Structure formats: C-alpha cells, structure tokens
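For reference, the structure discussed in these notes is given below.
Quick note: the coordinates plus some simple rules give every number you see, no bench work behind them. Predicted model only: the values in this text are computed from it and were never measured. Using ideal geometry, Cβ is built from the backbone for each residue, glycine included, and neighbour counts are taken over all protein chains shown.
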C-alpha cells in the first residue's frame, strides 16, 4: 500500500521540482522537493526483497507522486502533466554506488548486485535518474539545509537499519577512489562478534543501529530471562514484532530493559565516534538517520564515552557533535538536491 499526502501551491507556470527517494532496507520513502529543500508531497512503501519488485515499488511511488494523469501507457512520466513539473529523480541507496552514480555495486540490505539501476529506472520512467549512497545524500542535505551547515570537515553518521557514513571535506563529498568511502558501518569493533549481512562478523552497525537495538534486547533477556518489564513481556508475547523503534519507545517510558539496551547502544556509539574522530579529525559530527530521532536517550552518554576513548583526549580539539535537523527526511532531500544539481550541469 502506498501512502500519499501534501500538495504544492503555485501561481502561473508550475516550478520544476525533483523527486528524492530514500531506498532503505525496510522502507522506500519518496518526496517531491522544491528548490529550497522543502518537502511538498510524500509517499512511502515497504522495501520488497527481489530486484524486480523493488524496481516496481520505486516506479510506483514516482507514479503516485506524479499523479495518474501524468503516466503514459508505457509507464513513462509526462513531466508536463499531472501534479508537478518533474525534472529528475534522485535515489539515496543503502549500498555501494560507483563514482559515476549510475550502478549499485553492492547493497547488504537490498537485492541489487552490480545493477545499472539509474539506466534501468530512467528507461522505465522517462526521466533522468541519479544515484547516491544514502549517507552521502543525507550529508548533502544536512550541509545545505541542516545541522552540518557551517562545518568545514564534517562526518555524518546515519543510524538506521545499519550505519551509513559520509565525509564532507571543505564543502565536497569524499567518495574515495572507487566511490564507496567511507563505509563506517562495517568497521569491525568486536572480533568474531555478531554476524553481519556483509559477510563479516563484529561490524559496528551490528551493535549500534536500529537492528542492533533488537539484538541487544534479545541478548539481555537471554542472560536474565526473569526480567519482568513491559518490553520483556512484549518480546515474550510477540518476539517477531520487536523493532528498534519499540525499544526506543520503551526506553522513553522508563522501561528498565530498554534503558539497559540504550546504555549499551550509547557505549558502542561512543566507541565508533572515537574511531571516526581519530581517522578524519573533523570539526563537526552529525548523527542522522531514523534512530537519531531518539538522540536524547543516548547522545549525551555517547559523548562521554567518546571523550574518554578518543586518542589524546584532553590534549586536542574535539569535534562538535550534533543531532540531525532534517530527521529521517535528510536522505531523500539530499537525493532530490543531487537530482537538481544534475539538471543544472547538463
């Protein structure tokens, strides 16, 4: 089921807008975004497991936003008809994207492998399509419109189903030699630790992400099965229904088990931030992604862990740490911004 809301008011000729789509491991979130980074319409759908179904779902949310009257018989979009004058589509993808931003090389939580996603979707939609790593897209949005504004060297840590990372160096995204840097979520923090979808064990995202909140809660219960809290009863009743969002909600309500899980999460976030600070020496770190909505539950404690663990603590300048200003929308706003930039460069 696709959900749809909003609308853009205008007088005279319709302004050209772009569509940004955040393709996450759990949900596809899409929006029409204007030239000031403002979301004027939105749609979402669950993320399918197969490549064919995923492409169809992305096309579906674009059609929903564009309006049925803009969809031609062959499925392409008439950008001059329908709800908006759509110039291009940008995809923020939780995976490796090549430097040309046309191919998804590898995505641990998505069914794409060396897939020419931009070309294929562009052919179906009849619109230009640009890809970007989801953390890079979030960094673009935060740097342009949000918490990273004014930073010189900024690391964005996107906490969601996994962990994404981005580095903005003097106003430019750093992508590495082959377009995959910096892959922060798969830094190993626990040798022979929890197995990861990437094929390794002990990756940072396995201890510090929305998925990690669930695994940590289950581990706590396994060690102390006699805990009787609201969250523990929910897990016993419906273990498959446990989510990171539910853990965070229980912590907000003061649930003892959930608070213990959040304490572990804070510690691991501090560990990772200390590594990030040692490697990149940024002046600003922004915590983004869906889990960042719960930052009041963990960010202060994470700062304390990080300040204790950072090499040379007390003898160096430490980066500021901010929480996102754009929330879960940062990735799709950044994807739409990059789509807009691509139009101006052609």
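Jot down the per residue volume, in cubic angstrom and as a whole number, of the convex hull over the alpha-carbon atoms of the stretch 153-203. Don't jump to the answer; show the numbers that get you there.
Numbers: hull volume 4.5 nm³, N = 51.
For the stretch 153-203, the hull spanned by Cα atoms encloses 89 Å³ per residue.
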Within a Gaussian network of the chain (alpha carbon springs, distance under 10 Å), most fluctuating of 322, 233, 99: 233
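For the stretch 89-172, what is Rg from Cα atoms divided by 2.2 N^0.38 Å, rounded to two decimals? Don't jump to the answer; show the numbers that get you there.
Working: Rg = 13.5 Å, N = 84, 2.2 N^0.38 = 11.8 Å.
For the stretch 89-172, the normalised Cα radius of gyration is 1.14.
Restricting to the chain, what percent of DSSP beta bridges are antiparallel, rounded to 5? Intermediate values should be presented prior to the final figure.
Details: 33 of 55 bridges.
Rounded to the nearest five, the antiparallel share is 60 percent.
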With Cα atoms, 0 to 90° folded angle of helix 51-66 axis to the chain main axis: 60
GNM flexibility winner over the chain from 187, 157, 103 (Cα, springs under 10 Å): 187
Helix 330-344 vs. the chain, principal-axis angle (Cα, 0 to 90°, nearest 10): 40
Residue 114/residue 243 FRET efficiency (R0 25 Å; Cβ-Cβ; nearest 0.05): 0.20
Relative contact order (%) - criterion: Cα under 8 Å, at least six apart; region: the stretch 151-324: 24
Acute angle (nearest 10 degrees) that the helix 256-280 long axis makes with the longest principal axis of the chain, alpha-carbon atoms: 70
Rounded Å value of the spacing that divides the Cα centres of the stretch 148-184 and the stretch 264-294: 12
Viscosity 1.002 mPa s, temperature 20 °C, Stokes-Einstein D of the stretch 151-324 from Kirkwood C-alpha radius, µm²/s: 129
Structure-derived semi-axes √(5λ) of the Cα gyration tensor in Å - corresponding label in [x] 35, 23, 18; [y] 33, 25, 22; [z] 64, 22, 17: [x]
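Which value at 222 nm does the chain reach when only helices count, each DSSP H run of 4 or more adding -39,500 (n - 2.57), with the total divided by all residues and rounded to the nearest 500 deg cm²/dmol?
Working: 9 runs with 119 residues, N = 346.
Estimated from H runs of four or more residues: -11000 deg cm²/dmol.
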Stokes-Einstein translational diffusion, the stretch 188-235 - Kirkwood Rh over all Cα pairs, 1.567 mPa s, 4 °C, in µm²/s: 111
DSSP beta bridge pairing in the stretch 44-133, given as percent antiparallel to the nearest 5: 50
Residue of 199, 290, 270 that the Gaussian network model of the chain assigns the largest fluctuation, springs spanning Cα pairs under 10 Å: 199
